[in-house]
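Notes for the one structure printed next.
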Amino acid sequence: MLEGELVTLRALEPDDLDRCHRWMNDSEVTRFLEGGRYPLSMANEREWLETATRTRSGFSDVILAVETKDGVHIGNAGLHEASPEHRRAYLGIVIGEKDYWSKGYGTDTVRALLRFAFEQMNLNRVELGTFDFNERAQACYRKCGFVEEGRRREDRFIDGRYCDLVIMGILRREWEAASHT
Ligand SMILES: CC(C)(COP(=O)(O)OP(=O)(O)OC[C@H]1O[C@@H](n2cnc3c(N)ncnc32)[C@H](O)[C@@H]1OP(=O)(O)O)[C@@H](O)C(=O)NCCC(=O)NCCS
């Protein structure tokens, strides 16, 4: 388990299925996510979860459930496609329970993942992409030390308009400098 101040990150379990399925069919949540526009069947979500729970989390793919300290499963997060040569991975997060948005849970989750990425996985860089209109996510990532590195202009068509994909990243030395000040 990875411990934050507000959250615990644990392995996903088969019982998490109904919640994950509900989040992945809530357009207020999925409009911020890659590939989120198409409704997802229970069978599709079960298949995804079976793979996620059957395969041990490991260096190349870490996927975890985000729980509050009193045991409420509010979302999922992970580090994906870690490269042993480049020491880099992509961070993904969804707080699916909307009542928990903007209360610090995302920031605490990202901080716990970064600590794990740099102190345990020995990564050098963590990267992510977020849509330009996702200002809450960008604020959350900035608080954790990510900086904007560039934009893929009009990369996505969402809710009737093209939007930029904002690329954000943090290097280990930046994280260390911020952690020790
Ligand atoms: C993005 C997400 C992970 C952030 O987690 P969170 O717990 O809601 O965010 P936090 O409370 O930790 O931090 C968000 C910050 O943004 C601020 N914020 C909220 N809405 C904002 C807005 N519209 N514009 C600017 N800042 C905003 C909050 O006030 C907070 O800052 P503060 O702590 O200084 O007040 C979460 O909202 C989520 O999963 N959303 C849906 C899916 C998603 O967007 N995933 C990320 C895809 S890249």
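The values are calculated or read from the model by the stated rules, or taken from the named source; none is laboratory data. Predicted model, so just to flag it, every value in this text is computed and none were measured. Positions of Cβ are generated from backbone atoms using ideal geometry, with glycine treated the same way; all protein chains shown enter the neighbour counts. Heavy atoms of the whole protein, side chains included, go into the accessibility calculation; ligands, DNA and RNA do not. Shrake-Rupley method; radii C 1.70, N 1.55, O 1.52, S 1.80 Å.
Quickly work out the F32-to-D61 label distance, labels modelled 7 Å from Cα along the C-beta direction, and quote it in nm with one decimal.
2.4 nm
Taking a probe of 1.4 angstrom, what is the accessible area of W48 in Å², to the nearest 10?
100 Å²
Note down the relative contact order for the chain as a percent, whole number, built from C-alpha pairs under 8 angstrom at least six residues apart.
Contact order relative to length: 18 percent.
What Kirkwood Rh does the chain have if only Cα atoms enter the pairwise 1/r average? Answer in Å.
Result for the chain stands at 16.8 Å.
Go through 7-14, 61-68 and give me the packing order, highest mean Cβ count within 10 Å leading.
The most tightly packed comes first, giving 61-68, 7-14.
Could you compute the FRET efficiency for M1 and R152, with r as their C-beta to C-beta distance and R0 at 41 Å, rounded to 0.05?
For M1 and R152, the calculated efficiency is 0.70.
Ratio of Rg to Rh for segment 57-138, alpha carbon only, Kirkwood?
0.98
How much mean residue ellipticity at 222 nm does the chain get from its helices, if each DSSP H run of length 4 or more adds -39500 (n - 2.57) and you divide by all residues, to the nearest 500 deg cm²/dmol?
So the calculated ellipticity at 222 nm is -9000 deg cm²/dmol.
Starting from the Cα-Cα distance between E174 and D15, subtract it from 0.36 nm times their residue separation and give me the gain in nm to one decimal.
Extra length available between E174 and D15 comes to 53.4 nm.
Sort out for me the Cα centre separation of segment 109-181 from segment 61-92, rounded to whole Å.
So the two Cα centres are separated by 13 Å.
Which trypsin sites (Lys or Arg not before Pro) from segment 57-143 combine a DSSP loop assignment with at most 12 other Cβ atoms within 10 Å?
K69
Please give me the summed charge of the neighbours of L165: other residues whose Cβ is under 10 Å from its Cβ, Lys and Arg +1, Asp and Glu -1.
-1
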